[in-house]
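Every read-out reported here was derived from the displayed coordinates using simple, explicitly stated rules and does not represent laboratory data. From a predicted model like this one, the values you see are computed outputs, not experimental measurements. Reconstructed Cβ throughout: ideal geometry from the backbone, glycine too, with neighbour counts over all protein chains shown.
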Amino acid sequence: MSDVRTFKAASMQEALKLVREEMGSDAVILQTKQVPGRRGLLPWTRTREEFEITAGLGIKVRTPAAVQNNRRPASSPLQHRASNLQPAGARNESVAYSEPPSRELPSEHRSTPIQRTPAPERRIEEDNRPPVHNRLEQRLQDSRPRPSHASQPAYDPTEEFAEKLNAIQEMLESLDRRTRSQRVTDVPSELFHIYTDLIDAEVDETIAHDLVSRLKEHATPEQLKDTQASQSLLAALIEAQLDCASPIRPLPGQRKVVALVGPTGVGKTTTIAKLAANFRLRDNIKMGLITVDTYRIAAVEQLRTYAEIIDLPMKVVSTPREMQMALDEMVGLDLVLIDTAGRSPSDDLKIQELESLFRDIAIDEIALVMSMTSSVRTLEAIAERFKVARPTSMILTKLDEAPVMGSLLTLSQKVKLPIQYLTTGQDVPDDIEPANAARISRLVLGEDKLQ
């Protein structure tokens, strides 16, 4: 009973190996061809072609030589073709194909060769090929397709792109290591402890090195030897690099509209409540609240509770038109604070909604609220995403949860927005203070503590 199977592999050699392993050396190759393979994981990768071999066992391959051999003596010149179809064990595999010497037969044994039409089965053509030790390998060699462009490995642009990226990354890492080593060696020995203190406070290495270099340039030899004098001069240098905005200053009879924007979970609603309580209870400012945070019911109820305690009017809006109507109703107030819903920095659509919400409304200030529990790199990314909202300042929250304060200086240098307020806890209305460069400088150096 015949057994026909089909094998697929990435190359002809692998397909032949599968045939030998699964069906043995007596398998007969019936067909070979190239077929489209599976598409790669990435949409732009090309489809790799596969090789398909159809092989069978127990299949008798009839050729004109085999038929002729049944009718001719063993000395017939066609014996070589017929023997080529015998089982592999029936002949010595080390004997090369050769034409046996012809022998003149008696006339009574001569016969006219029978002319037959070649059968449609697979033929094995006689040529001057080198010796082959195995019938299966001979058939596979004859059926192996000629090299072509299609059989060559498909070009994969992602591999080349990945290699280039790895090379660039290695180059940048090497450059960074050399640069860091050079910075450390450039630091004077008498200022090395100041440099390490700045690094431990999470001040950026470049900024720390620049501060130490300027300190060496401006300080006298006596100041460099005096630790307290060096610290005072360093605090002044840090203070000069900090950019702080003036706090909100409402004027009677001139309504000021201030909106707070930022990602989720940074404390916008609590910050609004702290500002509102201070302006209303301490400064007796006529003011109102508007919230756009309709996504979180708890946030709306929290702000409504604060508004009732402080005795402030409050409006909940969800569209630009409702926003304009709410502002029109608060025309007689001196200050209006707007609380917005937290937006994920990766949600461009939600951030664009802020831009459309403020597009046709006269807003005096927009403060970007960010938590100091995040890394400087994350805060940089947040500030970049919220540029569409056109913020004019930063409010930095949760300083009480930040382990060190050096990131205040780094963030001020990296994000080109002035710092307007700092929040140092959850208590309303106490845990908020206007940003002050001297105060922040002392926090960076660990000379001041959060109250």
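Working out 0.36 nm times the residue gap between Thr54 and Val35, then minus their Cα-Cα distance, what length gain in nm do you get to one decimal?
Additional length available on full extension: 5.6 nm.
Which residue, chosen from Leu409, Ser318, Ile432, occupies the Cα position most advanced towards the positive end of the dipole of the stretch 256-444, where the dipole is computed from +1 (Lys, Arg) and -1 (Asp, Glu) charges on Cβ about the Cα centre?
Projecting each Cα onto the dipole axis, the largest value belongs to Leu409.
Provide the net charge surrounding Ala383, with neighbours chosen by a C-beta distance below 9 Å and charges set as Lys +1, Arg +1, Asp -1, Glu -1. Please report the intermediate quantities before stating the final value.
On the way: positive: Arg385, Lys387, Lys414, Lys416; negative: Glu380, Glu384.
Within the 9 Å Cβ shell, the charges total +2.
How much net charge surrounds Thr423 when only other residues with a Cβ under 14 Å from its Cβ are counted (Lys, Arg +1; Asp, Glu -1)?
-2
Give me the net charge of Leu445's neighbourhood, meaning all other residues with Cβ under 13 Å from the Cβ of Leu445; Lys, Arg count +1, Asp, Glu -1. Working shown, then result.
Values: positive: Arg439, Arg442, Lys449; negative: Asp197, Asp200, Glu202, Glu239, Glu447, Asp448.
It works out to a net charge of -3.
Are any of the pairs Lys256/Lys398; Lys268/Lys350; Lys268/Lys416; Lys256/Lys315; Lys225/Lys449; Lys286/Lys315 more than 24 Å apart by Cα-Cα distance, and if so, which?
Working: Lys256/Lys398 26 Å; Lys268/Lys350 16 Å; Lys268/Lys416 21 Å; Lys256/Lys315 16 Å; Lys225/Lys449 26 Å; Lys286/Lys315 15 Å.
Violating the 24 Å Cα-Cα cut-off are Lys256/Lys398; Lys225/Lys449.
What shape does the stretch 256-444 have by the C-alpha gyration tensor, where a ≥ b ≥ c are the square roots of the eigenvalues, rounded means a/c under 1.5, and otherwise prolate means a/b greater than b/c and oblate the rest?
Working: a/c = 1.79, a/b = 1.29, b/c = 1.39.
Verdict is oblate for the stretch 256-444.
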